[in-house]
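The values are calculated or read from the model by the stated rules, or taken from the named source; none is laboratory data. In this text, all values refer to a predicted model and were calculated from it rather than measured experimentally. Heads up, the Cβs are rebuilt from the backbone with ideal geometry, glycines too, and the neighbour counts pull from every protein chain shown. Remember, those area values only see protein heavy atoms, side chains included, never the ligands or the DNA or RNA. Shrake-Rupley method; radii C 1.70, N 1.55, O 1.52, S 1.80 Å.
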Amino acid sequence: MVTTLNKPSSLIHEIQLEKVGNWSLFKFSESLQLRMETLLEKKKADQLTPDEVAELDAIGELDRIFTHINAMLATQHADQ
């Protein structure tokens, strides 16, 4: 992934549903997961470009959204 990303919605094509037990969870595609890991490594080495900072921010925002939605789904499933 080389394009500059400004919004989490620009990553919509990288969203997957994965069946876990009796329910489905939102997850990143393998390519997006690898991109996030690459950017995090560059961040640790203080080597991110401004475009990469924006890209990592967008991926991080989407990750927080997925975490929240998946937690809500898990809670709802546990209450049933």
Legend entry - the chain, helix-only ellipticity at 222 nm - DSSP H runs n ≥ 4, -39,500 (n - 2.57), divided by all residues, nearest 500: -19500 deg cm²/dmol
Legend entry - Accessible-area ranking of R35, R64, largest first, probe 1.4 Å: R64, R35
Inset, instruction - Please list the radius of gyration and Dmax for the stretch 24-80, considering alpha-carbon atoms only, with Å as the unit. - result: 14.3, 47
Inset, instruction - For helix 50-79, report the angle its Cα long axis makes with the longest principal axis of the Cα atoms of the chain; keep it between 0 and 90° and round to the nearest 10°. - result: 10 degrees
Legend entry - Of all accessible heavy-atom area on the chain, the percent that carbon and sulfur account for (1.4 Å): 55 percent
Legend entry - Dipole of the stretch 4-61, positive end: most advanced residue of S24, M36, H13 [Cβ charges, Cα centre]: S24
Legend entry - Unit charges on C-beta of K, R, D, E only; dipole of the chain, Debye: 140 debye
Legend entry - Whichever lysines have a C-alpha closer than 28 Å to that of K43, once near sequence neighbours (fewer than 8 apart) are set aside: K7, K27
Inset, instruction - Return one number: the angle in degrees, 0 to 90 and rounded to the nearest 10, between the long axis of the Cα atoms of helix 30-44 and the longest principal axis of the Cα atoms of the chain. - result: 50 degrees
